[in-house]
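Below is one structure, written out as structure tokens; comments come after it.
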Amino acid sequence: MTLGELAERIGAELAPAGAGSVEVTGIAGIETAGPAEVTFVANPKYAMLAKKTAAAAVIVEPGFGAVEVPTLRVKNPYLAWSRTIEVFHPSPKYAPGVHPTAVVAASAKVGTRAHVGAYVVVGEGCVIGDDAVLLPHVVLYDGVKVGDRFLAHAHAIVRERCVLGDDVVLQNGAIIGADGFGFAKDDVGNWQKIVQAGPTVIESEVEVQANACVDRPSVGETRVMRGTKIDNLVQVGHGCVVGENTLLCAQVGLAGSTTVGKNVILAGQVGTAGHQTLGDGVVAMGQAGVHGDIPAGSMIGGSPSMDYKLWLRMTAALHRLPELVKRNRAAKE
């Protein structure tokens, strides 16, 4: 592929224009890219590396300074980079058909051009949309409905009566609709299971990554709204609602009946106490312990969580405590 062809594919302006005939064969990081590879700069701290890179070209934003190698200038270099990766490493294609080892219930409806891999199980009454891909050992319990272009990697499981929209991706070991953590103590002090009868609903364009769990509730539903991305090892408790285009990073834990607004970012290991609401646009720093309702647009950190700037000041002061204690003791002597 030439740089001119790549520029057209990713919607970038190539400079200088005469570099359009340069052949490129792959991608690499800015420190390791060779003369036939494309790289990118989106973080300003790597800007100096662009001046000495050996790459064939660098994807940068329009206002980026001049460098010795050709540039592909585009408003969103990181997004353009992701599209460049797709150009050189396209996603695998799976031929339509049902593997002979798959078990598909007679009452299930499988859409056109679907790929049903080895040892897949599709339960009674399931509905699978067009162009779906179910890779080996995927299990859909009875009554599951999934939309068009559904992609489930090996060992993903969708439990009974759950509903998934179009363009949903489940990475390996993701579990949709497992029982919520509901138990009630009887008169002699033993925990008795509360039946988790409600479904989990995953709207369109959601991705749930490896070994994450989105639980079903006892009543009502658990819902993850359009465009949300859920990282590895995340736990979404029973009865939670997660708004559109929200990011739940690795090991986030939402206790039952947490409501999360749209465009929220919960960084790694954030935990919520449950029965609380996080407003639209909230950002919680890693390991924040969230309690109570959080107003829209807040940035929080710490455990228990607090305003991010206050948390930074407290963290900085914490390192000074030994010296302050030492001074205090000396002043009393």
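The values are calculated or read from the model by the stated rules, or taken from the named source; none is laboratory data. Only a predicted model underlies this, so the values are computations on that prediction, with no experimental measurement involved. Reconstructed Cβ throughout: ideal geometry from the backbone, glycine too, with neighbour counts over all protein chains shown.
Each row is one residue, and each column tells you yes or no for (1) over 30 Å from residue 44 (Cβ atoms); (2) touching a Leu at 6+ places or on another chain (Cβ under 9 Å).
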site	(1), (2)
60	no, yes
76	no, no
85	no, no
90	yes, no
105	yes, no
109	yes, no
133	yes, yes
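On the phi > 0 side of the Ramachandran plot and not small (Gly, Ala, Ser): does that describe residue 131? The answer is yes for residue 131. Just a yes or no: is a residue in segment 18-36 small (Gly, Ala, Ser), modelled with pLDDT of 95 or more, outside the structural domain of residue 136 (by TED's automatic domain parsing) and under 30 Å from residue 131 (Cβ atoms)? For segment 18-36, residues small (Gly, Ala, Ser), modelled with pLDDT of 95 or more, outside the structural domain of residue 136 (by TED's automatic domain parsing) and under 30 Å from residue 131 (Cβ atoms): present. Which is at negative phi, among the β-branched types (Val, Ile, Thr) and in a loop (DSSP other than H, G, I, E, B), of 219, 214? On inspection, the qualifying residue turns out to be 219. Applying the criterion of at least 3 residues that are without any contact (Cβ under 8 Å) to a residue 40 or more places away in the chain and within 30 Å of residue 149 (Cα to Cα) to the helices (runs of 4 or more DSSP H) found wholly in segment 1-91 leaves 77-88. Restricting 293, 280 to residues that are modelled with pLDDT of 95 or more and surrounded by fewer than 15 Cβ atoms within 10 Å (Cβ to Cβ) narrows the list to 293. Please find, within segment 36-83, the residue that is surrounded by the most Cβ atoms within 10 Å (Cβ to Cβ) out of those that are under 27 Å from the mean Cα position of the chain (by Cα) and hydroxyl-bearing (Ser, Thr, Tyr). Ranking the qualifying residues of segment 36-83, first place goes to 39.
Looking across segment 174-191, the residues that are within 17 Å of residue 122 (Cα to Cα) and crowded, with 19+ Cβ neighbours inside 10 Å come down to 174, 175, 176, 177. The single residue among 302, 274 that is on the phi > 0 side of the Ramachandran plot and in contact with a helix residue (DSSP H, G or I) (Cβ under 9 Å, 6 or more places away or on another chain) turns out to be 302.
Annotation: of all residues in segment 208-244 being acidic (Asp, Glu) and surrounded by 19 or more Cβ atoms within 10 Å (Cβ to Cβ), the one that is nearest to the chain's Cα centre (by Cα) is 231. Among residues of segment 245-281 being hydroxyl-bearing (Ser, Thr, Tyr) and not in a strand (DSSP E or B), the one that is nearest to the chain's Cα centre (by Cα) is 246.
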